[in-house]
Amino acid sequence: MKAPEILLRQKVDNSSNIKHIAYQPQFKVMQVIFENGRIYWYYQVPREVYDAFISAQSKGTYFWSNIKNKYTFKRIKSFDI
């Protein structure tokens, strides 16, 4: 699958686990880049979930409660940070 163009990006400064969050609204694909370099795509994520995620006080808590194991995902690659 070709990577969709990601239009909305958010660098995460206040998380020990999550480095970047990005969202492609046309395809409802959210990309999460973790501090360990792992990159995941989450599919069929509503825009409201993305908005709540980037606004959450604790990105990790929101991720574990509202995204992890709730959406189909694919690990894309890893890179060394």
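See the values below:
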{"quantity": "Rounded percent of accessible protein surface that carbon and sulfur make up, the range 12-80, 1.4 Å probe", "calculated": "46 percent"}
{"quantity": "Solution diffusion estimate, µm²/s, Stokes-Einstein, the range 10-81, Kirkwood Rh from C-alpha pairs, 25 °C, viscosity 0.890 mPa s", "calculated": "203 µm²/s"}
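The values are calculated or read from the model by the stated rules, or taken from the named source; none is laboratory data. This is a predicted model, so every value here is computed, not measured. Surface areas here come from the heavy atoms of the whole protein model, side chains and all, with no ligands, DNA or RNA. Shrake-Rupley method; radii C 1.70, N 1.55, O 1.52, S 1.80 Å.
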